[in-house]
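K.L.:
Here it is, the structure, as structure tokens.
The values are calculated or read from the model by the stated rules, or taken from the named source; none is laboratory data. Everything quoted here is computed from the prediction, not taken from an experiment. Here the Cβ positions follow ideal geometry from the backbone for every residue, glycine too, while neighbour counts run over all protein chains shown. To get the accessible areas, we keep the full protein, side chains included, count just its heavy atoms, and leave off ligands, DNA and RNA. Shrake-Rupley method; radii C 1.70, N 1.55, O 1.52, S 1.80 Å.
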Amino acid sequence: SVHTYGGYWSLCLLIFINPSLSFCQCTNGHLMCAGCFIHLLADSRLKEEQATCPNCRCEISKNLCCRNLAVEKAVSELPTECTFCLKQFPRSSLERHQKEECQDRVTQCKYKRIGCPWQGPFHELPAHESECSHPTKTGTELMGILGEMDQSHRRDMQLYNSIFSLLCYEKIGFTEVQFRPYRTDDFITRLYYETPRFTVLNQTWVLKARVNDSERNPNLSCKRTLSFQLILKSKVNSALECSFLLLKGPYDDVRIKPVIYHHSFSNDTNETEYVPLPISDSVECNKLLAAKNINLRLFIFQVQK
């Protein structure tokens, strides 16, 4: 038997809304999918309230809740409809079917690399490729298509080449930073994050972060973002020009695409503007908000004049 949100039919609805195979349960046995569980913890952080189970209102946290492996096993065997062919398959084998076996799965022409935009069901792929016009195009026609593709590739390579260039600098420093949650002193308090002071390149620094650029009610928004600023706490005799970037910590699974930021620090301009923390989406942001602290790795490169 299933003890959650009214029983079996509520569980089926929960699975339909969120296909995650990971389920947590409160101390009274009520179930939450992993995505909803993280969202509840993030909401409680934003509202400065204790997170509670949506069903019985008991307290929930990462320590109080546990995974229900029996339900996860049962869910993995439930029949689920393929998005493409509409046939029924056990949920545990659905991903493989949709990626590798389904004859109606959406696929792309093998000549996509030279600009073919065709997309269609897999069973139509041989017929299309035998008639595709792109292999017969002239070199002049293909040059325009390849130019656009090269431009996108060039942007990616430029980022990594920039990082490799920074690694050649003489003065490089990095450290693990821990953002801790705090509340403002406003009548309606707002959540922000700040790290303890740390030393890199013989200077003292602090990092601050805020949610959704400090909008009034971020808990009411489905789209959530984090932005941060780097603050120099030491006094300097001359301008300190630096490049810096944040990456995930050694034991975290948050997805961050590296972005290099630049700033010239002095006694008058000792803090940067708030810049986006380059996480992939709101789901990743909720993971960070649900955690007790946010652990990241900071790199600072001093530009030599």
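K.L.:
When the stretch 170-184 is examined, which residues are found to be among the acidic types (Asp, Glu) and not in a strand (DSSP E or B)?
P.N.:
Residue satisfying the conditions is Glu170 alone.
K.L.:
Within the stretch 185-242, take every residue that is part of a strand (DSSP E or B) and charged (D, E, K, R) and give me the one that is surrounded by the fewest Cβ atoms within 10 Å (Cβ to Cβ).
P.N.:
Only one residue tops the list, namely Glu241.
K.L.:
Is it fair to say Ile279 is open to solvent by less than 60 Å² (accessible area, probe 1.4 Å), touching a Leu at 6+ places or on another chain (Cβ under 9 Å) and closer than 21 Å to His39 by Cα?
P.N.:
yes
K.L.:
Limited to the stretch 244-270, what total is found for residues that are aromatic (Phe, Trp, Tyr) and closer than 21 Å to Ala291 by Cβ?
P.N.:
1
K.L.:
Any idea which of (1) open to solvent by 30 Å² or more (accessible area, probe 1.4 Å); (2) in contact (Cβ under 8 Å) with a residue 60 or more places away in the chain is the one Arg255 doesn't satisfy?
P.N.:
(2)
K.L.:
When only residues in the stretch 188-208 that are modelled with pLDDT under 95 and in contact with an Asp or Glu (Cβ under 8 Å, 6 or more places away or on another chain) count, which is nearest to Glu271 (Cα to Cα)?
P.N.:
Leu191
K.L.:
Which condition breaks for Thr140 when tested against (1) at pLDDT below 90; (2) closer than 30 Å to Leu298 by Cβ?
P.N.:
If we test Thr140 against (1) at pLDDT below 90; (2) closer than 30 Å to Leu298 by Cβ, just (2) comes out false.
K.L.:
Out of the residues in the stretch 75-112 that are without any contact (Cβ under 8 Å) to a residue 24 or more places away in the chain, surrounded by 12 or more Cβ atoms within 10 Å (Cβ to Cβ) and of a type in the set (A, V, I, L, M, F, W, C), state the one that is farthest from His30 (Cα to Cα).
P.N.:
Val106
K.L.:
Separate question: Only one of (1) over 31 Å from the mean Cα position of the chain (by Cα); (2) exposed (fewer than 13 other Cβ atoms within 10 Å of the Cβ); (3) farther than 30 Å from Lys257 by Cβ is not met by Gly144, so which one is it?
P.N.:
The single condition Gly144 does not satisfy is (3).
K.L.:
Would you pick out the residues in the stretch 282-305 that are open to solvent by less than 20 Å² (accessible area, probe 1.4 Å) and polar (S, T, N, Q)?
P.N.:
Scanning the stretch 282-305 gives a single hit, Asn286.
K.L.:
Give me a count of the residues in the stretch 269-291 that are in a loop (DSSP other than H, G, I, E, B), farther than 14 Å from Val211 by Cα and touching a residue at least 24 places away in the same chain (Cβ under 8 Å).
P.N.:
Qualifying residue count, the stretch 269-291: 4.
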